[in-house]
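The values are calculated or read from the model by the stated rules, or taken from the named source; none is laboratory data. All of these numbers come straight from a predicted model, not from anything done at the bench. Cβ coordinates were reconstructed from backbone atoms using ideal geometry, including for glycine residues, and neighbour counts include every protein chain displayed. Just the protein is used for accessible areas: all its heavy atoms, side chains included, with ligands, DNA and RNA removed. Shrake-Rupley method; radii C 1.70, N 1.55, O 1.52, S 1.80 Å.
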Amino acid sequence: MRDPTDFAEISNRDATASIRGYVYQIYQSVFAWMRLGEDDVLVLEGAEDFDVHTEQSVTTTQVKRESRNVTLRSVAVVAAIQNFWTHQESNTESCVILRFLATADAGCEQGAPFGAGRSGLEYWVSAAQNKSDCELLRQFLLTLPFKATLLDFIRSSSAEDLRDRLLTRIQWDLGAKEGDALEAAIESKLKVHGSKHGINTHYSVRVLPHLLKQVA
């Protein structure tokens with residue numbers, strides 16, 4: 001029989017990364033499910049990969065299993081900012097928050113526009129907390145390929161509005177736990193929850209496959 005490894009494959013057809021990404025999203029969804037408040041509601045594949053609805057707000061979450069660092073110029077980051085603005089425009093009576101949950105860390109933009117060794121995402125957090133001047137961030141954001149309505153807001157808003165309506169509404173949750181560490185964190189929560197009901201930890205962790213199946 002001919003050696004299967006000799007068969008020429010199309011280089012971009014490897015689905016391994018996509019499958020791992022979907023599996024990681026399922027684990028993060030289960031983790032979010034386990035941390036819901038009593039009156040919170042978890043929606044899978046709603047506005048984003050999963051959303052948590054509370055009485056006060058809706059937190060939409062994008063899950064990214066990335067090996068490379070991300071910057072404000074990264075396609076996924078630009079899309080996340082635009083998605084947030086679209087969600088907010090479509091749901092004016094809700095307080096919308098977007099959480100960008102990624103295994104990647106923040107990288108520095110080419111040309112060091114925020115200073116040597118300082119990333120734009122780090123500067124974003126600092127500006128949101130009113131610890132850095134948001135004008136530098138505003139000028140950088142105006143160079144990114146957002147839609148007209150978002151660019152108009154960035155250009156014309158006061159510093160206070162820019163912070164309140166954009167900068168504080170996006171959470172850059174980077175350096176998230178990888179698969180094994182995330183699974184261990186879920187199992188730890190299951191053990192704690194089981195012990196409150198007098199269930200042996202050995203049996204508590206056996207619930208995890210059922211939760212993963214339900215989310216999938």
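Tabulated data
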item	result
For a label point 7 Å along the Cα-to-beta-carbon line of residue 193, residues of the stretch 32-66 with backbone N under 14 Å	32-42
Within-14-Å neighbourhood charge of residue 65 [Cβ basis; K, R +1; D, E -1]	-3
Apportionment of accessible area to carbon and sulfur, the chain, percent (1.4 Å)	49
Note, ³J(HN,Hα) from phi for the stretch 203-212, Karplus 6.51, -1.76, 1.60, rounded to Hz, x at Gly and Pro	7, 4, 5, 6, 6, 3, x, 6, 5, 4
The chain: relative contact order in percent, alpha carbon pairs under 8 Å with at least 6 residues between	19
In order through the stretch 28-39: 3J(HN,Hα) via Karplus (6.51 cos²θ - 1.76 cosθ + 1.60), integer Hz, x for Gly, Pro	5, 5, 4, 4, 5, 4, 6, 9, 5, x, 4, 9
For peptides 164-171, 175-182, 66-73, sequence by mean Cβ density within 10 Å, most packed first	164-171, 66-73, 175-182
Potential lengthening between residue 40 and residue 184 on full extension [0.36 nm per residue; Cα-Cα distance subtracted]	49.5 nm
Residue (of 92, 166, 29) at the positive-pole extreme of the chain, dipole from beta-carbon charges	29
Under 5 Å, built H, 5+ apart or other chain: amide partners of residue 176	102, 103, 104
Cα centroid separation - the stretch 155-187 against the stretch 90-137, whole Å	9
Computed helical MRE - 222 nm, the chain, DSSP H runs ≥ 4 contributing -39500 (n - 2.57), nearest 500	-13500 deg cm²/dmol
Relative contact order (percent, whole number), the stretch 34-98, Cα cutoff 8 Å, 6+ residue spacing	27
Förster radius 35 Å - calculated FRET efficiency between residue 82 and residue 205 (Cβ-Cβ, nearest 0.05)	0.30
Accessible area of the chain divided out per residue, in Å², using a probe of 1.4 angstrom	59
Integer Hz, Karplus 6.51/-1.76/1.60 couplings in order for the stretch 107-115, x for Gly and Pro	x, 8, 5, 4, x, 6, x, 10, x
Chymotrypsin sites (Phe, Trp or Tyr not before Pro) within the stretch 68-132, DSSP loop, no more than 10 other Cβ atoms inside 10 Å	none
